[in-house]
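Data first, discussion second: the structure below is written as structure tokens.
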Amino acid sequence: MANEGVDERATATEYSVPAIVAAALGIASVFLTGTPLLATALAIGAIAVALYSRRQLKTNPAMRGFAISLIGFLTGIWVVATTGIPFLLSAALVMSA
């Protein structure tokens with residue numbers, strides 16, 4: 001028993017769960033760009049959760065997940081810019097005609 005005095009919680013690296021959720025939402029929104037409303041909703045959720053996880057990571061520097069939350073944030077921004085905004089603009093043009 002070489003590990004008898006070692007606390008496994010102290011040696012394990014803890015990842016931010018909101019960062020993982022933000023990345024999952026962002027990647028899911030990329031795959032769902034064929035349905036603009038759903039993709040935009042997921043992308044906005046990814047941006048919000050990514051911002052929350054960034055705040056969590058700043059307050060607890062022992063946690064990991066900076067790059068994962070960045071992936072969620074950037075994919076969310078990309079989907080909103082390429083899917084959500086054009087969809088909303090085209091819907092506004094149709095409604096005004």
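The values are calculated or read from the model by the stated rules, or taken from the named source; none is laboratory data. All values reported here derive from a predicted model rather than from experimental measurement. Because the Cβ atoms are built from the backbone with ideal geometry, glycine has one as well, and the counts that use them run over all protein chains shown.
Yes or no: the stretch 53-72 includes at least one residue that is in a helix (DSSP H, G or I), within 19 Å of I20 (Cα to Cα) and touching a Pro at 6+ places or on another chain (Cβ under 7 Å). For the stretch 53-72, residues in a helix (DSSP H, G or I), within 19 Å of I20 (Cα to Cα) and touching a Pro at 6+ places or on another chain (Cβ under 7 Å): present.
Given the criteria over 12 Å from P18 (Cβ atoms), hydroxyl-bearing (S, T, Y) and free of Cβ contacts under 8 Å to residues at least 40 places away in the same chain, does T83 qualify? For T83, the condition - over 12 Å from P18 (Cβ atoms), hydroxyl-bearing (S, T, Y) and free of Cβ contacts under 8 Å to residues at least 40 places away in the same chain - is not met. With the requirement that a residue be at pLDDT 90 or above, under 12 Å from P36 (Cβ atoms) and not aliphatic (A, V, I, L, M), what does the stretch 64-85 give you? Hits for the stretch 64-85 are T82, T83.
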